[in-house]
Amino acid sequence: MDKRSPERTCIGCRSKGHKDELVRIVLCRSDNAGDPAGIELDRDGRMEGRGAYLCRRSECLELALNKKAFCRTFRQAISAEAIERLRDSFEREVK
Ligand SMILES: [Zn+2]
């Protein structure tokens, strides 16, 4: 097993892919206590924090949202606004 090419699992369709082929999404803690956490695309894979991976397909994002996979992966509720923002940047990214 080559440790430099780790495989990651898409939280939508559960298929495995090389991490460079998947889109990484990270949980961004808010600075203000009480504010909901945000989730953001991590385009170069260097952002700190807990990460989730998705294939570069809108279907996988929708699958993940339907299953509430983000809440499970990040172990907290993700606001509808945060989901909408993520969907916007995800659609731009995979286009
Ligand atoms: Zn997928």
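Points to keep in mind about this one:
- For region 72-84, a tally of residues being under 12 Å from the mean Cα position of the chain (by Cα) and surrounded by 13 or more Cβ atoms within 10 Å (Cβ to Cβ) returns 5.
- If you filter region 43-74 down to residues that are of a type in the set (Asp, Glu) and within 13 Å of the ligand (Cβ to nearest atom), you find that the one that is farthest from Cys28 (Cα to Cα) is Glu59.
- Number of positions in region 18-32 that are modelled with pLDDT of 85 or more and either within 15 Å of Leu61 (Cα to Cα) or away from the ligand (no atom under 16 Å from the Cβ) (or both): 7
The values are calculated or read from the model by the stated rules, or taken from the named source; none is laboratory data. Predicted model only: the values in this text are computed from it and were never measured. Don't worry about glycine lacking a Cβ; one is built from the backbone with ideal geometry, like all the others, and counts go over all protein chains shown.
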